[in-house]
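The values are calculated or read from the model by the stated rules, or taken from the named source; none is laboratory data. Computed from a predicted structure; not experimentally measured. Please note: Cβ atoms are built from the backbone with ideal geometry, for glycine as well, and neighbour counts cover all protein chains shown.
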Amino acid sequence: MVGTTPLTVADLQGTARRMRRDKTMRVVFGATASVSIIVSLLIIVSLTREAASFITKVELGSLWDIGWFPRRGSFDLLTLFAGSLLVTGVAMVVAAPLGLGAAFYLSEYASPRLRRTLKPIIEVLAGIPSVVIGFFAISFITPDLLSRFLDDVSFFNLAAAGIGVGILTLPLIASVSEDAMRAVPASLREAAYGLGSRKATTCVRVVFPAAVSGIVAAFIIGISRAIGETMVVAIAAGATGGSLRNFTQIFDPGQTLTAAMAALGAGTDQVKGDDAAFQSLYFLGLLLFGVTLLLNVISARFVRRIRERY
Amino acid sequence: MAVTTVAGVGDVSLARRGHDVKGRLFHLLVVLSVVLAFVILAALVWDMIAGGESVLTERLWSFLTSGLNSDPELAGVWQGVKGTLQLSIIVVAVAFPLGIGSAIYIEEYASDSRLTRFISVNIRNLAGVPSIVFGLLGLAIFVQALGGVTGGRTVIAGGLTLSALVLPIVIITSQEALRAVPSGIRVGALALGATRWETTRHHVLPAALPGILTGNVLALARAAGEAAPLLLVGAVSGVFFVGAQGTLEQILHGRFTAMPMVIFSWARLPAGQGWNVLAAAASLVLLVLIFVMNGFAIWLRNRYEQRW
């Protein structure tokens, strides 16, 4: 450096061309990041606009009169809520214990090597398309499973749909719960062993309580996913409208929020754009959006709690 | 076993007496839940193989290359396969660059401001929105509002809808891949005078690329299996005949279908006429397609995963 002019700040700043390029890329990436916000806004705007026009068009009483017959102008929400509730209930009865058990096994019992082989297989289960599960429900679950052990099972029924949805949510619940359990510090387990606990006691009395908020989050995400699942229900539950407010008969056909939307969507060609039946699609979509958003926000709270603690 | 003398207590055995029945039972239960998950997977694959066997053994080639047909003896999945490929190309072209760009912005450029946090929370919530709601978005925006550009119920509208659906997944997985790159690499490049973009382009992205690709392929597999949004944006569920589909214009603005839609329409037809056999065989085709994608992603991850 002897004999040359000393470096100035300008020399270290790089050429104008490089700086300009950096600025351009920053704007480009910023623009792509704004797309997700635009998508959210568009969802909210399109849902609320059509849903609002639906609400002003129909008599509010028709939302409570018995029967979901959108083409005849009766929109009983309770019919749909009953179906969604039953399907989600059955799904959680299947997915919650199995998912939790699988999470315990993967996190506490499996050797790291076994875990590395088992996890991808569970991920494969998570990747099975819902139409395939729906077809599995009517080609296997109903005829070969339910009808074999029970009488009076309709070909299309809510239980088969619920089991199918449960299969779909199982991997999700397993992986979120497993993450929560693995976040529990090893020192807690070691302390329990040091006091003479068995493995099972450590799992149930130490790991489970420490991970409980994450596990609750997993169940809530599972419920949210189950409520939003469409194709399994559309194929396996019958997807007929109907006048039954079916809160108990899980082996009968039924209609859920999402399957009603699928039924409307599949036939939209016959319905005009400003028709109330067509707009009820958006109204149901808005309800579904609201419910799942609420559940997801609650579950995110629970996840954050476990992250803060450890 | 260990007999220890504790002062004041006398001889205390630390060894557990008898069999640990409850512990064994718990172990059995958790093993059973994993086993059951695999049994379900096996039963599903077996059910599709057994159900679709006659089609797969007797006329596999014609099944893969024929179009939809009202005669179950002649119908095939070719239009579905083609539609799914076209949709996938649109997703790769739209969702991948937007998603990776967003992830780069959030991880590399944005400061920890309120706006950044809002974007992140928004993405996470968007990832939890049910797929059928994205179908409504597609119907209202891509089919109706932008109908002049997309041509209505076309493969473009379907592809854009699926892109919106997987965008949050692409962003989240790409973010994770970027976050796995140690900050020492960034700091090192910046200290040598590289700009933010040069650091990202030459150091962070190459290191994060395998992870990004893995996540994106998984997202693509998810898009390939979706039917609900396509149902609303008007993928054809039933028999349809297309005329000459030679030019790009005809493909982009023609009616379309996709593998999951084909399965859906066949699964809904009354059993006993051979449609259920076709649905099973088509499910198997879709499963193979998706398993290959997932397998490729997992292979990518295992092959190129870097431990820092």
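Values for this structure:
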read-out	value
Hey, A:PHE29 of a type in the set (Phe, Trp, Tyr), within 24 Å of B:GLY99 (Cα to Cα) and within 13 Å of chain B (Cβ to nearest Cβ) or not	yes
Some residue of the range A:161-178 being crowded, with 23+ Cβ neighbours inside 10 Å, of a type in the set (S, T, N, Q), out of contact with any His (no Cβ under 9 Å at 6 or more places or on another chain) and more than 20 Å from A:THR258 (Cα to Cα)	yes
Residue match in the range A:81-103 (condition: over 23 Å from the mean Cα position of the chain (by Cα) and assigned by TED's automatic domain parsing to the domain that holds A:VAL184)	no
Residue within the range B:14-22 that is surrounded by 12 or more Cβ atoms within 10 Å (Cβ to Cβ), over 26 Å from the mean Cα position of the chain (by Cα), at negative phi and outside any helix (DSSP H, G or I) present	yes
Segments classed as helices (runs of 4 or more DSSP H), wholly inside the range A:65-168, with at least 2 members that are under 18 Å from A:GLN249 (Cα atoms), touching a Ser or Thr at 6+ places or on another chain (Cβ under 8 Å) and of a type in the set (Val, Ile, Thr)	A:77-104
Selected residue (only one of A:SER139, A:SER197 is closer than 30 Å to B:GLU53 by Cβ, hydroxyl-bearing (Ser, Thr, Tyr), in the same structural domain as A:ALA217 (by TED's automatic domain parsing) and free of Cβ contacts under 8 Å to residues at least 60 places away in the same chain)	A:SER139
A:SER147 polar (S, T, N, Q), surrounded by fewer than 19 Cβ atoms within 10 Å (Cβ to Cβ) and out of contact with any strand residue (DSSP E or B) (no Cβ under 8 Å at 6 or more places or on another chain)	yes
Options A:SER154, A:SER111, A:SER187: the member that is surrounded by fewer than 19 Cβ atoms within 10 Å (Cβ to Cβ), among the polar types (S, T, N, Q) and touching a Pro at 6+ places or on another chain (Cβ under 7 Å)	A:SER154
Options B:LEU146, B:LEU190, B:LEU178, B:LEU167; residue that is without any contact (Cβ under 8 Å) to a residue 24 or more places away in the chain and closer than 18 Å to B:ILE104 by Cβ	B:LEU190
Which numbered condition B:SER113 misses (of (1) away from chain A (no Cβ under 11 Å); (2) buried (at least 16 other Cβ atoms within 10 Å of the Cβ))	(2)
